[in-house]
Amino acid sequence: MTSQSQGIQQLLQAEKRAKDKLEEAKKRKGKRLKQAKEEATAEIDHYRLQREKEFRNKETNVMGSQGNLSAKIEEQTTEGIRNLTSSYHRNMEGMIKKLLSTIFDISPEIHRNFRPAV
């Protein structure tokens, strides 16, 4: 009977050791998965940053920098305003004279479609 009890004790101890080994293996697997996930995340972030940098470089090459574009637009707008202002001052007096002459120089005449009443 004692040999059976010893055998049962040995089986229980072996079962406990197997259970402990399984738990330890699960912990190691969890650690490896967590480490692999962290490495993958780091690699993805690195790849994303690299691709964004390449995109910005291509965008800058194709479209020019936004600062340059804004400066060009501002310069063109200022030049256009300057041209319009100078044109206004150059032509203002002549246009006023032309407008006033059109208003005040009236030559009355009978319209060609007018038919006197008979």
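The values are calculated or read from the model by the stated rules, or taken from the named source; none is laboratory data. The model shown is predicted, which means the values in this text are computed figures rather than measured ones. Note that each Cβ is placed from the backbone with ideal geometry, even for glycine, and that neighbours are counted across all protein chains shown.
For Thr77, are the conditions met, namely being surrounded by 10 or more Cβ atoms within 10 Å (Cβ to Cβ), part of a helix (DSSP H, G or I), of a type in the set (S, T, N, Q) and modelled with pLDDT of 95 or more?
The answer is yes for Thr77.
Just give me the residues in segment 59-69 being modelled with pLDDT under 80 and at negative phi, in sequence order.
Result: Thr60, Asn61, Val62, Met63, Ser65, Gln66, Gly67, Asn68, Leu69.
Kindly indicate whether Asn113 is surrounded by fewer than 10 Cβ atoms within 10 Å (Cβ to Cβ) and either modelled with pLDDT of 95 or more or within 25 Å of the chain's Cα centre (by Cα) (or both).
no
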